[in-house]
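Okay, structure first, notes after.
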Ligand SMILES: NC(=O)c1ccc[n+]([C@@H]2O[C@H](COP(=O)([O-])OP(=O)(O)OC[C@H]3O[C@@H](n4cnc5c(N)ncnc54)[C@H](O)[C@@H]3O)[C@@H](O)[C@H]2O)c1
């Protein structure tokens, strides 16, 4: 590996939830970080603590347009990640995944950079195999409301592997499962942020369906560690590699834990399940364990403690924050 002091790293979507934590870790490692974001769902606030860092540069740019910069590594994270945000402008969502991948792969090819793609467990759709191993091809609806995201990410994976085969690019494809932590968007309708915001405000906690649908929740610090490890794997390891926490919880269990940890008097109420909402989602993490020597270790209770503290502070500063229809 190159001396990290010489490593120039581009993070697209770097002002978002995961991207801002990744920028923090890269700066800690001594890298020069170029953060590119169009601030669609991200915000300068997520990087406020490092905005005057001498090794951080923040550039407003939309990845659907080409970018000409000199870098050694690219982490391609730009894409709205929650259903509320990616369904708001579905055409732009597909463009961000597909044109964004083409532009970043083109850049990687020109400057011979190694490139990591933030793919997603959504490439498995509503899976018929549980837990999902990387060689499962998925069960995706190509014309539904989630398709702009799921199919956009699937096409981005195709592009990554074609650039690998055709142009010998050094690629790393990580399939991220539900991740939570400080700096999640308070209005993104994700189940963890929704439950916490509702509980802190003492408002009814909306449970969609009967609450028996399961999810695995990975704490953000664990996930970012996996990104860094994956980037450092030998060139013949491309992934796709599942990155997530293998522990499974029902949504009802999560709701009860959040109520307990926030000392909230909020009642849990039930609403119908949104369409295309997967019933089960859990990564098979054996590949990540063997190739990255990594597994998520932060217990849900501990990760929730940090996340609740973050939202508590945020709600004090901006009390008007409202949760939306939730989705994991
Ligand atoms: N958080 C999760 O649980 C999760 C799960 C699976 C995959 N992912 C993937 O990880 C990546 C980051 O997700 P996140 O949770 O941090 O979401 P986020 O919405 O907080 O971050 C995405 C960032 O990309 C930026 N962006 C969106 N479109 C852009 C464009 N056209 N040009 C430049 N910037 C653009 C947004 O402004 C934002 O800062 C996404 O690619 C997402 O699909 C996240």
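Descriptive notes on the structure:
- Strands (runs of 3 or more DSSP E) within the stretch 16-122 that include 3 or more residues surrounded by fewer than 16 Cβ atoms within 10 Å (Cβ to Cβ): 56-60
- Qualifying positions in the stretch 38-65 - near the ligand (Cβ under 6 Å from one of its atoms) and touching a helix residue (DSSP H, G or I) at 6+ places or on another chain (Cβ under 7 Å): 41, 42, 63, 64
- Whichever residue in the stretch 159-213 is out of contact with any helix residue (DSSP H, G or I) (no Cβ under 6 Å at 6 or more places or on another chain), more than 12 Å from the ligand (Cβ to nearest atom) and part of a loop (DSSP other than H, G, I, E, B) and, among such residues, is farthest from residue 301 (Cα to Cα): 168
- Only residues that are within 14 Å of the ligand (Cβ to nearest atom) and on the phi > 0 side of the Ramachandran plot were counted in the stretch 95-130, giving 1.
Taken together, the values in this text are just the output of simple stated rules run on the coordinates, not laboratory data. All values derive from a computational prediction rather than experimental measurement. Using ideal geometry, Cβ is built from the backbone for each residue, glycine included, and neighbour counts are taken over all protein chains shown.
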